[in-house]
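See structure below.
Please treat every number below as a calculation from the coordinates, not as lab data. For clarity, every value in this text was computed on a predicted model and none was experimentally measured. So basically every Cβ, Gly included, is an ideal-geometry build from the backbone, and we count neighbours across all protein chains shown.
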């Protein structure tokens, strides 16, 4: 993985992370909130091994990317477009994890996007029927009571061993096992790096995710693979079902024994295979 800073207009900077040899097609990766592209390292590694070029977009306000105040889902694709043009990419699949999923959907506005893969992705919450989904599709193993979410200050100093206690009831047991295992330090590193420049990246994510997206999901023509863990306590199964029902060319992939974090780390091969199939189609 290689980290690079690109110069944008108006004295702004975009941080990207890449792996593999640049080519005309790419996998574009969008990290979750409170993190950075580094927590998607397994995809970068596998893509490179399979001969594909991967580009991680660090959203404005995180790490080395200059904040873009007021950013919203419908204009997230602007940073992606700049990176695509920088590398002269002709076709790509956008992969988003958690709060990176709205950015992946935003990328469908670019004609070079041939598919989307979301992992434990956020759904828009301003729909009239959103509450129906929340009540109908709850996690298999719901929390007895949700604890206070970790602060940015907590996560800026976090180590792998601290993750499970910090997130507490927000994690299912399957997530705890991942955090306490070999990937815990990778997740912690991504949090420390992503929040190293301040809180605005995370705060802008939370604001944008809750605001109207400005995208009509039913107009998306590209194929969409929606990975959803049935024990996810952060983006509960309601999110996956909603996204699948509102996008016309989607495949909903439900994983009964996975949570918000374990879903990603335990299914990297399947996630990448879906993305590659869209590039080849």
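Report for the chain the percent antiparallel among DSSP-assigned beta bridges with both residues inside it, nearest 5.
The answer is about 30 percent antiparallel.
Give the order of 129, 209, 154 when sorted by the count of other beta carbons within 10 angstrom, beginning with the fewest.
Fewest-to-most ranking of 129, 209, 154: 129, 154, 209.
Based only on the alpha carbon positions, what is the Kirkwood hydrodynamic radius of the chain, in angstrom?
One decimal place: 18.4 Å for the Kirkwood radius.
Can you sort 281, 98, 23 by how many other beta carbons sit within 10 Å, fewest first?
Listing 281, 98, 23 from fewest to most nearby Cβ atoms yields 281, 23, 98.
Determine the calculated [θ] at 222 nm for the chain from helices alone, applying -39500 (n - 2.57) to every DSSP H run no shorter than 4 residues and normalising by the residue count; nearest 500 deg cm²/dmol.
Theoretical 222 nm ellipticity from helices: -9500 deg cm²/dmol.
If I take all pairs of Cα atoms in the range 1-104, what percentage of them are more than 20 Å from each other?
Percentage above 20 Å: 30.
Considering the chain as a Gaussian network with a 10 Å cut-off on Cα pairs, which listed residue, 42, 165, 142, attains the greatest mean-square fluctuation?
165
Using a 10 Å cut-off around each Cβ, can you sort 213, 130 from fewest to most neighbouring Cβ atoms?
With the sparsest Cβ surroundings first, the list reads 130, 213.
What distance in nm lies between label points placed 7 Å from Cα along the C-beta direction at residue 126 and residue 81?
The answer from the label model is 2.1 nm.
Considering Cα pairs under 8 angstrom that are at least six residues apart, work out the relative contact order of the chain and quote it in whole percent.
Computed over the chain, the figure is 23 percent.
For the range 71-210, what's the relative contact order in percent, using C-alpha pairs closer than 8 Å and at least 6 residues apart?
It rounds to 22 percent for the range 71-210.
Using packing as a proxy for protection, rank 262-269, 30-37 so that the peptide with the highest average count of other Cβ atoms within 10 Å comes first.
Output ranking for 262-269, 30-37: 30-37, 262-269.
Share of Cα-Cα pairs in the range 49-95 beyond 16 Å, in percent?
45
Nearest 0.05, what FRET efficiency do residue 279 and residue 219 give at R0 = 25 Å with Cβ-Cβ as r?
Using R0 = 25 Å, I get an efficiency of 0.70.
Would you compute the Debye intensity of the range 50-190 from its alpha-carbon atoms alone, equal scatterers and no solvent, and pass along log10 I(q)/I(0) at q = 0.10 Å⁻¹ to two decimals?
-0.46
For labels at residue 199 and residue 23 in the simple 7 Å Cα→Cβ model, what's the distance in nm?
Label-label distance for residue 199 and residue 23, simple model: 4.4 nm.
Pop a pseudo-label 7 angstrom from the Cα along the beta-carbon direction at both residue 269 and residue 143 and give the gap in nm to one decimal.
Here the modelled spin labels are 3.2 nm apart.
Over the C-alpha atoms of the range 223-274, what are the Rg and the largest Cα-to-Cα span, Dmax, in Å?
10.5, 27
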